[in-house]
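Asker: Here it is, the structure in full.
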Amino acid sequence: MSTTIADQVVEQVNTASEAIRNISEIHEIDIATTPREVVWQDGKIKLYHFKRESTPVAKTPVLVSYALVNRWEMMDLQPNRSFIRKLLSEGVDVYLIDWGYATRMDRYKTMEDYILGHINDCVDFVRKEHQLDAINLLGVCQGGTFSLIYASLFPQKIKNLITLVTPVEFDIEEGLLFRWAKDMDVDAIVDGFNGVIPGDFLNTGFDLLKPMGKTRKYLNLPTTTRDKGKLMNFLRMEKWVADSPDQAGETYRCFIKEMYQQNKLVNGTFKLGGKLVDLSKINMPVLTIYASGDHIVPPAATKPIHDMVGSKDKELLEFPGGHIGVFVGSRSQKMLTPAIAKWLLKRD
């Protein structure tokens, strides 16, 4: 039976009514709801310890180092698909570094400040708190690159290392971001923004990697708003994207120049605090995770970690999804996070 114009009008009115009702019932967009407490702080930098209802199965806690780009809340975006909650439920004790929001006061902060300063301070706090010589470190994206550098300089402090969608090989052609960065005049960008790179500027670049993605997302809004669950997930993601922090200019300048443009980690010429960073000095067990459909950090940028580290106990794990799906996808809950916990517990 064919649909009449009157039927279509009724359907549109019903859709609009459901959308209005669902939106009117939303009073708060809740993200990062897993209970936590600040156990250490240095200015804007906070160290969170996530609360547990039971004693952890793993004796050695894991410290999470997220990227400076975007906010760590992606790992705890919604209660039923929270990377953090799932790790806790699998028996892992979790700490996480919150980098805060960079301002003009932070324009001269360097990679030394973040890695030799903040990461090292947080590692030492957790070591002392648990009376351990070494703890587990889990680095995400750029935070994984930072974690690799840290583990190579302080291998005695890290028991197990996990890198998640982490770039180390920057001389590739697979990702637009890697191709664009090669010709980027990073000095002009940093100086033009007076030493602080706006989060909106970075988000525009990420949107351009898949320009139709945002269009499709908004075209699907009429359908999304009819389902309150889908609407809440949409709003959580939008809230997370809109909360992108600015970047400290000198750290951004160094990361683009010495990683994306000069590929110094792979070439073995990168120095931090005057010390040469040699990834072959990483000797603890290493789990390298890459996402097969990642358009931000393609597999080719991550997989070389497996060969570059000096560890005898090392594993390369493929996640069948994209950069964001690693954290919020159903397969992350069913496959990835349990696999990470199992890997850690086996080496605890």
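Asker: Pick from region 216-264 the residues that are outside any helix (DSSP H, G or I) and of a type outside the set (D, E, K, R): which of them is surrounded by the fewest Cβ atoms within 10 Å (Cβ to Cβ)?
Answerer: Applying the filter and picking the extreme gives Asn220.
Asker: Which residue pairs have Cβ atoms closer than 6 Å, lie 6 or more positions apart in sequence or on different chains, and pair a first residue in region 199-224 that is closer than 28 Å to Ala248 by Cβ with a second residue that is among the polar types (S, T, N, Q) and surrounded by 13 or more Cβ atoms within 10 Å (Cβ to Cβ)?
Answerer: Gly199/Ser244; Asn203/Ser244
Asker: State the number of residues belonging to region 51-81 that are closer than 28 Å to Phe255 by Cβ and of a type outside the set (Val, Ile, Thr).
Answerer: 14
Asker: What number of residues in region 94-105 are surrounded by fewer than 21 Cβ atoms within 10 Å (Cβ to Cβ) and in contact (Cβ under 8 Å) with a residue 60 or more places away in the chain?
Answerer: Counting residues in region 94-105 that are surrounded by fewer than 21 Cβ atoms within 10 Å (Cβ to Cβ) and in contact (Cβ under 8 Å) with a residue 60 or more places away in the chain gives 4.
Asker: Please tell me if Phe178 is out of contact with any helix residue (DSSP H, G or I) (no Cβ under 6 Å at 6 or more places or on another chain), part of a helix (DSSP H, G or I), of a type in the set (Phe, Trp, Tyr) and more than 17 Å from Thr110 (Cβ to Cβ).
Answerer: yes
Asker: Out of the residues in region 88-106 that are among the aliphatic types (A, V, I, L, M) and in contact with a Leu (Cβ under 9 Å, 6 or more places away or on another chain), state the one that is farthest from Arg331 (Cα to Cα).
Answerer: If we take residues in region 88-106 being among the aliphatic types (A, V, I, L, M) and in contact with a Leu (Cβ under 9 Å, 6 or more places away or on another chain), then Ala102 is farthest from Arg331 (Cα to Cα).
Asker: Any idea which residue in region 32-86 is farthest from Ile97 (Cα to Cα), counting only those that are small (Gly, Ala, Ser) and surrounded by fewer than 18 Cβ atoms within 10 Å (Cβ to Cβ)?
Answerer: Looking at residues that are small (Gly, Ala, Ser) and surrounded by fewer than 18 Cβ atoms within 10 Å (Cβ to Cβ), I get Ser54.
Asker: Moving on to the next point. Considering only region 107-118, I want to know if a residue exists there that is among the polar types (S, T, N, Q) and under 30 Å from Met335 (Cβ atoms).
Answerer: Scanning region 107-118, I find no residue that is among the polar types (S, T, N, Q) and under 30 Å from Met335 (Cβ atoms), so the answer is no.
Let's see how each residue does on (1) aromatic (Phe, Trp, Tyr); (2) in contact with a Cys (Cβ under 6 Å, 6 or more places away or on another chain); (3) within 19 Å of Tyr66 (Cα to Cα):
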residue	(1), (2), (3)
Asn263	no, no, no
Phe270	yes, no, no
Ser292	no, no, no
Ile305	no, no, yes
Val309	no, no, no
Pro320	no, no, no
Val326	no, no, yes
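Asker: Can I ask one more? Give just the number: which of (1) of a type in the set (Gly, Ala, Ser); (2) surrounded by fewer than 22 Cβ atoms within 10 Å (Cβ to Cβ); (3) under 12 Å from the mean Cα position of the chain (by Cα) does Gly91 not satisfy?
Answerer: Here Gly91 clears every test but (3).
Asker: Quick test for you: out of Pro298, Pro338, pick the one residue that is modelled with pLDDT of 95 or more and either within 25 Å of Gly175 (Cβ to Cβ) or among the small types (Gly, Ala, Ser) (or both).
Answerer: Pro298
Asker: Also, quick follow-up: Quick one: which of Lys86, Lys59 is closer than 20 Å to Asn160 by Cα, out of contact with any strand residue (DSSP E or B) (no Cβ under 8 Å at 6 or more places or on another chain) and part of a helix (DSSP H, G or I)?
Answerer: Lys86
Asker: Does region 126-149 hold any residues that are out of contact with any Ser or Thr (no Cβ under 7 Å at 6 or more places or on another chain) and either without any contact (Cβ under 8 Å) to a residue 40 or more places away in the chain or surrounded by fewer than 18 Cβ atoms within 10 Å (Cβ to Cβ) (or both), and which are they?
Answerer: Arg127, Lys128, Glu129, His130, Gln131, Asp133, Ala134
Asker: Give me the residue from region 150-181 that is of a type in the set (Phe, Trp, Tyr) and surrounded by 19 or more Cβ atoms within 10 Å (Cβ to Cβ) and, out of that set, nearest to Ser311 (Cα to Cα).
Answerer: Here the answer is Tyr150.
Asker: If I go through region 203-245 residue by residue, how many of them are in contact with a Phe, Trp or Tyr (Cβ under 7 Å, 6 or more places away or on another chain) and closer than 26 Å to Thr145 by Cβ?
Answerer: Number of matching residues: 1.
The values are calculated or read from the model by the stated rules, or taken from the named source; none is laboratory data. Remember, it's a predicted structure, so these values are computed and weren't measured experimentally. We place every Cβ from the backbone using ideal geometry, glycine too, and count neighbours over all the protein chains shown.
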